[in-house]
Amino acid sequence: MTAPIGGGPGRAVGGLDRQHATLKKAAQDLEAVFLNELFKAMREATPQDGILSQDSGQELFTGMLDERLAQLHTERTKGGLGEALYRQLSRRLPTPPTQAAGDP
């Protein structure tokens, strides 16, 4: 016989799935923060002298652009810092219960 929907061992696995999803999102967010700081440091290291001067609106826009680019990078890239953090930290999450050999 099968377990009812929403009950039995599946409930623990669903909670575990949420924990893994939350951990994966947190690892991606941390990677995005790291990349954003990297982009910011790279912009500060490049010379800004020239014909056009930067005003505060342009600085705000480039900061927002850097944040979005960092977020997109972490969502679309496999094998980055976020993925490595997730693999390392997910080992500490509880393992899902295993079924006995005779259970369907």
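The values are calculated or read from the model by the stated rules, or taken from the named source; none is laboratory data. This is a predicted model, so every value here is computed, not measured. With ideal geometry, Cβ positions are generated from the backbone for all residues, glycine too; neighbour counts draw on all protein chains shown.
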Kindly provide the set of residues from the range 64-97 that are of a type in the set (Gly, Ala, Ser) and surrounded by 14 or more Cβ atoms within 10 Å (Cβ to Cβ), ordered by number.
Ala70, Gly80, Gly82
Residue that is surrounded by 13 or more Cβ atoms within 10 Å (Cβ to Cβ) and either at pLDDT below 80 or hydrophobic (A, V, I, L, M, F, W, C) (or both), where the choices are Ala45, Ala32, Ala100, Ala41
Ala32
Taking Leu16 as meeting all but one of (1) over 24 Å from Lys78 (Cβ atoms); (2) modelled with pLDDT under 85, write down the number of the exception.
(1)
Between a residue in the range 24-40 that is more than 12 Å from Leu69 (Cβ to Cβ) and any residue that is at pLDDT 90 or above and among the aliphatic types (A, V, I, L, M), which pairs come within a Cβ distance under 6 Å, given they are 6 or more apart or on different chains?
Ala27/Leu85
Could you please tell me which pairs satisfy a Cβ distance under 6 Å, a separation of 6+ or placement on different chains, a first residue in the range 65-90 that is among the β-branched types (Val, Ile, Thr), and a second residue that is crowded, with 16+ Cβ neighbours inside 10 Å?
Thr74/Gln28; Thr74/Glu31; Thr74/Ala32; Thr74/Gly82
